[in-house]
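The next block holds one structure in the form of structure tokens; read it before the comments.
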Amino acid sequence: MTPFLFRVHSLKKRIFHSPKDNIIIKLKYFRTKKGELIYDKADQMPEFPGGVDSLMQFISATLQYPNTEADVTGMIITMFTVEKSGKISDIKLLRGIEKDYDNEALRIIKLMPDWIPGKKNGKPVNVKTIVPIRFLLK
């Protein structure tokens, strides 16, 4: 069996297909440009301090509806890395609804306190995390 070596620097390139060998590989982690691993899953996933209920309270308390003419409702999906230290980095929008609302969702994520980092084999690791933020009409 021939070993495969893949170098991945983007979330968009996590599934590889080799037509010649009819092999499909889905990565569960990738390396950053600095060479650190970032996982999709960990034995213990990252957690907002106080758990999911505290996360929802934080979002509700921090959320400010943009002053726009448009009455927008919908869900914005954000993705970020919770680093080994618990800090949040590499914040991205996976799905937006409208520029001002998208910016508000990003602002909320940037204001979050440090998370409890994910662990793999008992050691803190970098883990990609997805948090949806729903906007409803007032």
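In region 102-128, which residues are in contact with a Pro (Cβ under 7 Å, 6 or more places away or on another chain) and among the small types (Gly, Ala, Ser)? If the condition is that a residue be in contact with a Pro (Cβ under 7 Å, 6 or more places away or on another chain) and among the small types (Gly, Ala, Ser), then Gly118 is the only one that fits.
From the residues in region 41-71 that are outside any helix (DSSP H, G or I) and free of Cβ contacts under 8 Å to residues at least 60 places away in the same chain, which one is farthest from the chain's Cα centre (by Cα)? Lay out the reasoning, then the answer.
As a first pass, look at region 41-71 and keep what is outside any helix (DSSP H, G or I): 41-51, 63-71.
Then drop every residue that is not free of Cβ contacts under 8 Å to residues at least 60 places away in the same chain, which leaves 50-51, 64, 66-70.
On the way: Gly50: 19, Gly51: 16, Gln64: 21, Pro66: 23, Asn67: 27, Thr68: 27, Glu69: 30, Ala70: 27 Å.
Ranking the candidates gives Glu69 first.
Of everything in region 110-123 that is in contact with a strand residue (DSSP E or B) (Cβ under 7 Å, 6 or more places away or on another chain) and over 16 Å from Gly50 (Cα atoms), the residue that is surrounded by the fewest Cβ atoms within 10 Å (Cβ to Cβ) is Lys110.
Regarding Phe30, is this residue modelled with pLDDT of 95 or more, under 14 Å from the mean Cα position of the chain (by Cα) and among the aromatic types (Phe, Trp, Tyr)?
Numbers: modelled with pLDDT of 95 or more: no; under 14 Å from the mean Cα position of the chain (by Cα): yes; among the aromatic types (Phe, Trp, Tyr): yes.
No.
Restricted to region 124-138, and to residues there that are crowded, with 16+ Cβ neighbours inside 10 Å and of a type in the set (A, V, I, L, M), the residue that is nearest to Gly51 (Cα to Cα) is Val131.
The values are calculated or read from the model by the stated rules, or taken from the named source; none is laboratory data. Because the structure is a prediction, the values reported are computed rather than measured. Here the Cβ is made from the backbone with ideal geometry for all residues, glycine too, and neighbour counts use every protein chain on show.
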